[in-house]
Structures are given as C-alpha cells and as structure tokens.
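Everything on this sheet refers to the single structure shown next.
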Amino acid sequence: MDPAFQDDYRTHRPMLERSIAWLTRGYRRVPHRGIKRDNAWLKLRTTGLILRRMLALGLTTKKGPWALG
C-alpha cells in the first residue's frame, strides 16, 4: 500500500468509526423494513445528530439568521 494513503487512513479512521458509532448507538438494526424507509430513517437520524451537535456548539438565532456563537 501507498504510505501516504496509510497515513491519511490512520488519521481519519478513528473519527469515521466514531461517527458510525454515534449513528448506530442504540440501533444495531434499522428499525424499519424496506430501502426507502431505511434511507428516510438514516437521513432523519443523521440530521438530528448534526442539529444536536450544532446546538451544543452554540447555534442560536437572535432576530436574524442562524449563527454559531
């Protein structure tokens, strides 16, 4: 394998695995049957996690657009 690829892979792999773990926390299987329902659940789950993270980072609105602050 290419050493540059290995370094890049080792750098980003832990965060990728952590992200997948956050997604699947409490869900070892998708709670619905069917590809369309599975995709809808996954999109809703990821959106919820992203929103929760952004709120934790200080996402607010003060009579204007949303901003981190």
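Among (1) within 14 Å of the chain's Cα centre (by Cα); (2) at pLDDT below 80, there is one condition Arg33 misses while meeting the rest; what is its number?
All conditions are met except number (1).
Among the residues of the stretch 30-61, which ones are farther than 23 Å from Ser19 by Cβ and assigned to a loop (DSSP other than H, G, I, E, B)?
Across the stretch 30-61, the qualifying residues are Arg33, Gly34.
May I ask you to verify whether Gly64 is part of a loop (DSSP other than H, G, I, E, B), among the small types (Gly, Ala, Ser), exposed (fewer than 11 other Cβ atoms within 10 Å of the Cβ) and modelled with pLDDT of 75 or more?
When the stated conditions are applied, Gly64 passes them.
The values are calculated or read from the model by the stated rules, or taken from the named source; none is laboratory data. None of the values given here were measured: they were computed from a predicted structure. All Cβ positions, even for glycine, are placed from backbone atoms using ideal geometry, and neighbour counts span all protein chains on display.
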